[in-house]
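Here is the structure we will look at, set down as structure tokens.
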There are 2 protein chains.
Amino acid sequence: MAQKPSIPKGTRDFSPNEVVRRNYIMDAIRGSFTSYGFQPIETPSFENSETLMGKYGEEGDRLIFKILNSGDYLRKVDEGLYAEKDSGKITSKISEKALRYDLTVPFARYVVQHQNDITFPFKRYQIQPVWRADRPQKGRFREFYQCDADVVGSTSLWQEVELVQLYDDVFSQLKLDGVTIKMNNRKILSGIAEVIGEEDKLIDFTVALDKLDKIGEEGVKTEMLSKGISETAINKVQPLFEASGSAEEKLTMLSGLLATSKTGMTGIGELKFIVDTISQLGLKTASLEVDVTLARGLNYYTGAIFEVAGPKGVAMGSIGGGGRYDDLTGIFGLRDVSGVGISFGLDRIYLVIEELGLFPDTVSATTQVLFMNFGETEALYAMKAINELRAQGISAELYPDATKFKKQMNYANKRAIPFVVLAGDEEMEVGNYTLKNMENGTQETHSLESLLVAVT
Amino acid sequence: MAQKPSIPKGTRDFSPNEVVRRNYIMDAIRGSFTSYGFQPIETPSFENSETLMGKYGEEGDRLIFKILNSGDYLRKVDEGLYAEKDSGKITSKISEKALRYDLTVPFARYVVQHQNDITFPFKRYQIQPVWRADRPQKGRFREFYQCDADVVGSTSLWQEVELVQLYDDVFSQLKLDGVTIKMNNRKILSGIAEVIGEEDKLIDFTVALDKLDKIGEEGVKTEMLSKGISETAINKVQPLFEASGSAEEKLTMLSGLLATSKTGMTGIGELKFIVDTISQLGLKTASLEVDVTLARGLNYYTGAIFEVAGPKGVAMGSIGGGGRYDDLTGIFGLRDVSGVGISFGLDRIYLVIEELGLFPDTVSATTQVLFMNFGETEALYAMKAINELRAQGISAELYPDATKFKKQMNYANKRAIPFVVLAGDEEMEVGNYTLKNMENGTQETHSLESLLVAVT
């Protein structure tokens, strides 16, 4: 192979520093998931195709990566079908497995498959990659991690309260202060469609309303009209366009608007419980906001809807989202299991932290201490100290070859190793080590004991 | 979907306890990798097919999972070829990507692709799943993790010394005392073939010798004869069959046997340096053994060969292995980059630790403290304490619904939660919490402060 190798478009190699920084974020998420009582599960990278197909709509089916059957896979395709040469029809004959597209459907499958071993309510988290044959573009990849926490088997609104706290916890820990946790409720959206007499246009209505940020009030109204929503109806929801102020004020506005809708008032009641409870418990650095334009995968959610926006001043889409879905496991035959969950957008969180310069200096893939190699005897002497350092959890290494001093120092510089230890005849005679601080260039003589302290 | 869903054969769902136990092992491995100065990288789950195909032999090519191209993938297959209906010929036309088969080839690809950004010698580790379309059987899966550490860009034998220490470090940390790190050297095997005049039968010779454990001396000799190795030749290596005693004794025996082979003597010298250095540095709980029958993927390794056997009394194949390969990146056009690496067998290590009952009790997916839910006001009171516990890193949760006491206690019991907190009117009035130890059934009254201590 003469040409330089490459990787498939939409995928990424992660360098040591990238891996360490990604792990820093995932560790924070994992830590909070654990302290909130969520339990980790892992599912296979590929599922039987029938588990995934048909769960994400037609577009989703197209974007699922299919795995070719092994062996002489064409043998099983009958001649008539083969002659048609129709990719769409042949796929299911030559491919029985597919890479997972998200973590939600595999989770639903897991719950149904293992229902007899699970204690409900089941709080699970899952941090694994997913794959989508999407057209790659800036910030959109064909392989990316999802970090999901869901509770199934309880309709309690305390879950929603906890999930708001969880978002606050993780982002505060990552020093990502000032994120906004936006909430809405599917029942409020249904209520609005109901009171304006446009229940059959719920989707069109919410899709348009969702664009308020981008296309403004007039734009939204024009779109609504173009979808056949009447001017009378639009006038009725005028207060939505003027919604402002605190969560409490918005809920009061909605209570006036939706007074005649039972569904709408239920949604308001749910949201009010969450807002009130959070205001009593307090948040560390995030703020909770009611956003009546928030829709997200509307067909999916049945109650609460969450979305997290990054700190103000950072141009980035949502860095998290989620909601309640009343029938997650119904697709696999287990009815009436309500679930609620949230997801963290690892790639975007990474970009925000990077843009704001919030990765701590200690989050680095470099080695703390490099020992120069001056020959076999010296290396053995160094190795004894290295063993002590490692036992204390300090990363240390011996330069593998007794090459030129300059080459070894270059290595330390290039890898940004903060400490270099030199130990030759002189040091060995008295049992000392010379420690060079690579940042300020100072040199000190240390015993093994004081060396352990000096490099920490 | 009426029938219960399932997963593809050879794949696994991991329950919370399994994930936590697997992470316990991976964290130990990762921690040692880091303290030894290895840096993590991650590569995409799928590579361009040309990166993988032809790198693992014909059998390997067959076992690589191929991913079907998206869209109308058959359109690009020309009619003549299509008419042949030959799976083998069509695969490369309808599939351009494949799931990685191991971590070594992607690592070689990474090194070549990013050679200008890498500081050599490059010590990398990688812990990621790999996929093989092997026939599933007990202990053999189609998706499994590999945990690899490799150094490229240095021929120094200190690397081999460090890798022996690394094995010792990880297994000692996991309390897996008494593992045996077996070592051999490809040059010793070449030397043996040379001195008995059967250089062209090196592979047959070592494959037979490798079976000494299983089929005994007579079996090995019979196999060698059947492969056309002369009786004279076999008699010359009689000392190999009688090899016993310490590493030093075996090396002395080999020095006698291979005195006329330059290659053989070089191999002995290399192994002797490692054995001598390790004996000076000492190992924590493992022992290092010279095993002249050890071959492992012989075509691959050019120097040191490693294999780790579990503690005596546990029937399990090797739980780790590796070796030195002089031309890892040559397959991608970058010549003369020597590498040496080792791998940990996660699944087998898991089984050994489980069999020996060595998973610590603290390695569990359960929550430490469950707060009973007696209603809205009580739950809010509980939540304030829960927040404090979580801030201290103690996992805690509120039972989400104010249901029957018995149902909530059942949940705690089923999940083996060690502590349950009850807080109703009485406790709220004085600001206390009643703590029930679920193991011994005792109940104590605590302030929030003393509660934090009591559940740790």
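So here's what we get for this one:
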{"item": "Some residue of the range A:63-82 being within 28 Å of residue A:162 (Cα to Cα), among the charged types (D, E, K, R) and more than 7 Å from every other protein chain (Cβ to nearest Cβ)", "result": "no"}
{"item": "Sole residue being closer than 19 Å to residue A:343 by Cβ and in contact with a Ser or Thr (Cβ under 7 Å, 6 or more places away or on another chain), chosen from A:37, A:60", "result": "A:37"}
{"item": "Residue within the range A:57-66 that is loosely packed, with under 15 Cβ neighbours inside 10 Å, under 26 Å from residue B:4 (Cβ atoms) and touching an Asp or Glu at 6+ places or on another chain (Cβ under 8 Å) present", "result": "no"}
{"item": "From the options A:203, A:192, A:196, residue that is more than 26 Å from residue A:155 (Cβ to Cβ) and surrounded by 13 or more Cβ atoms within 10 Å (Cβ to Cβ)", "result": "A:196"}
{"item": "Among residues of the range A:241-265, those that are under 20 Å from residue A:288 (Cβ atoms), touching a residue at least 40 places away in the same chain (Cβ under 8 Å) and not in a loop (DSSP other than H, G, I, E, B), counted", "result": "3"}
{"item": "Criterion violated by residue B:164 - all others in (1) in contact with a Lys or Arg (Cβ under 9 Å, 6 or more places away or on another chain); (2) within 17 Å of residue B:345 (Cα to Cα); (3) among the aliphatic types (A, V, I, L, M) satisfied", "result": "(1)"}
{"item": "Those residues of the range A:209-257 which are at positive phi and hydrophobic (A, V, I, L, M, F, W, C), in sequence order", "result": "none"}
{"item": "Options B:361, B:326, B:336: the member that is under 14 Å from residue B:18 (Cα atoms) and among the charged types (D, E, K, R)", "result": "B:361"}
{"item": "When residues of the range B:342-401 are limited to those that are under 13 Å from residue A:37 (Cβ atoms) and hydroxyl-bearing (Ser, Thr, Tyr), the one farthest from the other protein chains (Cβ to nearest Cβ)", "result": "B:364"}
{"item": "Single unsatisfied condition, residue A:85 versus (1) at negative phi; (2) in contact with a helix residue (DSSP H, G or I) (Cβ under 6 Å, 6 or more places away or on another chain)", "result": "(1)"}
{"item": "Test result for residue B:176, touching a residue at least 60 places away in the same chain (Cβ under 8 Å), buried (at least 23 other Cβ atoms within 10 Å of the Cβ), within 17 Å of the chain's Cα centre (by Cα) and assigned to a loop (DSSP other than H, G, I, E, B)", "result": "yes"}
{"item": "Filter pass, residue A:43 being within 18 Å of residue A:150 (Cα to Cα) and hydroxyl-bearing (Ser, Thr, Tyr)", "result": "yes"}
{"item": "Test for residue B:285: is it out of contact with any Pro (no Cβ under 7 Å at 6 or more places or on another chain), modelled with pLDDT of 95 or more and farther than 26 Å from residue B:171 by Cβ", "result": "no"}
{"item": "Matching residues in the range A:1-54 - criterion: being more than 8 Å from chain B (Cβ to nearest Cβ), over 30 Å from residue A:415 (Cα atoms) and not hydroxyl-bearing (Ser, Thr, Tyr)", "result": "A:33, A:38, A:52, A:53, A:54"}
{"item": "Residue satisfying condition, being under 21 Å from residue B:148 (Cβ atoms) and modelled with pLDDT of 95 or more, within set B:74, B:68, B:52", "result": "B:52"}
{"item": "Qualifying residue in the range A:106-124 (condition: closer than 22 Å to residue B:128 by Cα, in contact with an Asp or Glu (Cβ under 8 Å, 6 or more places away or on another chain) and more than 9 Å from chain B (Cβ to nearest Cβ))", "result": "yes"}
{"item": "Within the range A:360-380, tally of residues that are part of a helix (DSSP H, G or I), crowded, with 20+ Cβ neighbours inside 10 Å and of a type in the set (Ser, Thr, Tyr)", "result": "0"}
{"item": "Residue in the range B:431-449 that is in a helix (DSSP H, G or I), surrounded by 13 or more Cβ atoms within 10 Å (Cβ to Cβ), within 13 Å of chain A (Cβ to nearest Cβ) and touching a residue at least 12 places away in the same chain (Cβ under 8 Å) present", "result": "no"}
{"item": "From the options B:229, B:274, residue that is buried (at least 18 other Cβ atoms within 10 Å of the Cβ), among the β-branched types (Val, Ile, Thr) and modelled with pLDDT under 95", "result": "B:229"}
{"item": "Check on residue B:101, under 17 Å from the mean Cα position of the chain (by Cα), without any contact (Cβ under 8 Å) to a residue 60 or more places away in the chain and buried (at least 20 other Cβ atoms within 10 Å of the Cβ)", "result": "yes"}
{"item": "Members of the range B:189-210 that are in a helix (DSSP H, G or I), β-branched (Val, Ile, Thr) and over 27 Å from the mean Cα position of the chain (by Cα)", "result": "B:192, B:195"}
{"item": "Any chance residue B:98 is hydrophobic (A, V, I, L, M, F, W, C), out of contact with any Phe, Trp or Tyr (no Cβ under 9 Å at 6 or more places or on another chain) and either more than 9 Å from chain A (Cβ to nearest Cβ) or under 26 Å from residue B:145 (Cα atoms) (or both)", "result": "no"}
{"item": "Exclusive hit being within 30 Å of residue B:178 (Cα to Cα), of a type outside the set (Val, Ile, Thr) and out of contact with any Pro (no Cβ under 7 Å at 6 or more places or on another chain), set B:358, B:380, B:451, B:435", "result": "B:358"}
{"item": "Candidates B:168, B:213 - the one that is part of a helix (DSSP H, G or I), of a type in the set (Asp, Glu) and more than 20 Å from residue A:383 (Cβ to Cβ)", "result": "B:213"}
{"item": "First in the range B:193-215 and touching a residue at least 12 places away in the same chain (Cβ under 8 Å), second anywhere and acidic (Asp, Glu) and assigned to a helix (DSSP H, G or I), Cβ under 6 Å, 6 or more apart", "result": "B:193/B:199; B:208/B:223"}
{"item": "Yes/no for residue B:137 being free of Cβ contacts under 8 Å to residues at least 40 places away in the same chain, closer than 22 Å to residue B:14 by Cβ and surrounded by fewer than 21 Cβ atoms within 10 Å (Cβ to Cβ)", "result": "yes"}
{"item": "The range B:148-159 residues that are farther than 13 Å from residue B:120 by Cα and more than 9 Å from every other protein chain (Cβ to nearest Cβ), paired with ones that are surrounded by 22 or more Cβ atoms within 10 Å (Cβ to Cβ) and among the charged types (D, E, K, R) (beta carbon under 9 Å, 6 or more apart)", "result": "B:148/B:124; B:149/B:123; B:149/B:124"}
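The values are calculated or read from the model by the stated rules, or taken from the named source; none is laboratory data. Please read all numbers here as calculations on a predicted model, not as lab measurements. Heads up, the Cβs are rebuilt from the backbone with ideal geometry, glycines too, and the neighbour counts pull from every protein chain shown.
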